[in-house]
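K.L.:
The following block contains the structure, expressed as structure tokens.
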Amino acid sequence: MSRRLFAATAAVISVLALGVSSPAFASTAPLPTAACTVGGVAIPDGEPAPEDIPAVISCFDTVEEAEQFIEDGAPGDYEKLYPNDASARTAAAATVTVGKIWTGTSRSGSVRVHWGAGSGCYGATFGFPSLGSGWDNNIRSAEGFNNCWSSQYDGTSYGGSVLTCAPYCSTLGSMAARTSSIVYRPAGTFG
């Protein structure tokens with residue numbers, strides 16, 4: 001299946017699943033075997049978050065393909081996430097991996113790769129206020145990249161209990177299968 005067709009299908013499924021209010025559905029929904037990328041907007045330290053951030057997800061057959069997509073500048077997805085900046089974008093160096101989450105412990109199971117524009121968490125924070133279908137309450141290990149530590153929250157929009165991975169958690173302990181939102185912050189910053 002082509003990456004674009006798979007991404008479009010995943011986006012439709014994600015939109016439909018967001019309307020479902022049953023927490024049991026979110027934790028039991030089947031996960032794709034592919035590696036998916038999710039774009040995030042960098043928020044400079046001390047700045048408010050933008051009101052409308054689109055969900056930009058693309059899926060691939062392998063983690064290597066997903067990582068190459070980000071390294072290549074997330075073509076197509078970058079333009080959706082940063083529509084006012086697309087013409088000012090310089091090159092593939094404009095995108096970077098900020099973190100990964102897995103459904104299994106010790107980097108096993110399905111994976112989502114979070115990315116953003118810039119150089120990572122050097123003076124910027126990346127937030128993912130919800131995780132989407134099949135991922136909510138289904139994370140068991142996490143890692144931050146490019147100077148990012150990830151804070152796993154058990155509520156959407158960064159509410160409830162929190163566990164910060166500095167930068168890697170092979171297990172989430174009491175937060176296992178409870179993550180509903182994530183913030184990637186500069187190394188040394190706890191949630």
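The values are calculated or read from the model by the stated rules, or taken from the named source; none is laboratory data. On a predicted model such as this, the values are computed, not experimentally measured, just so you know. Backbone-built Cβ (ideal geometry, glycine too); neighbour counts: all protein chains shown. The accessibility values were calculated without ligands, DNA or RNA, using every heavy atom of the protein model including side chains. Shrake-Rupley method; radii C 1.70, N 1.55, O 1.52, S 1.80 Å.
K.L.:
Would you tally the residues in the range 142-172 being within 16 Å of residue 98 (Cβ to Cβ) and not aromatic (Phe, Trp, Tyr)?
P.N.:
Of the residues in that region, 14 qualify.
K.L.:
Please pick out the residue among 73, 46, 39 that is at pLDDT 70 or above, touching a Leu at 6+ places or on another chain (Cβ under 6 Å) and not aromatic (Phe, Trp, Tyr).
P.N.:
39
K.L.:
Among the listed residues 170, 133, which satisfies the condition of being out of contact with any strand residue (DSSP E or B) (no Cβ under 7 Å at 6 or more places or on another chain) and either open to solvent by 30 Å² or more (accessible area, probe 1.4 Å) or polar (S, T, N, Q) (or both)?
P.N.:
133 is the lone residue from the list that is out of contact with any strand residue (DSSP E or B) (no Cβ under 7 Å at 6 or more places or on another chain) and either open to solvent by 30 Å² or more (accessible area, probe 1.4 Å) or polar (S, T, N, Q) (or both).
K.L.:
Is it true that residue 149 is out of contact with any Leu (no Cβ under 9 Å at 6 or more places or on another chain) and buried (at least 19 other Cβ atoms within 10 Å of the Cβ)? Give the steps one after another, and end with the answer.
P.N.:
Values: out of contact with any Leu (no Cβ under 9 Å at 6 or more places or on another chain): yes; buried (at least 19 other Cβ atoms within 10 Å of the Cβ): yes.
The answer is yes for residue 149.
K.L.:
Test residue 158 against the criterion of being among the aromatic types (Phe, Trp, Tyr), free of Cβ contacts under 8 Å to residues at least 40 places away in the same chain and open to solvent by less than 20 Å² (accessible area, probe 1.4 Å), and give yes or no.
P.N.:
Values: among the aromatic types (Phe, Trp, Tyr): yes; free of Cβ contacts under 8 Å to residues at least 40 places away in the same chain: yes; open to solvent by less than 20 Å² (accessible area, probe 1.4 Å): no.
So residue 158 fails the test.
K.L.:
Name the single residue, out of those in the range 76-124 being of a type in the set (Lys, Arg) and farther than 16 Å from residue 169 by Cα, that is modelled with the highest pLDDT.
P.N.:
Ranking the qualifying residues of the range 76-124, first place goes to 80.
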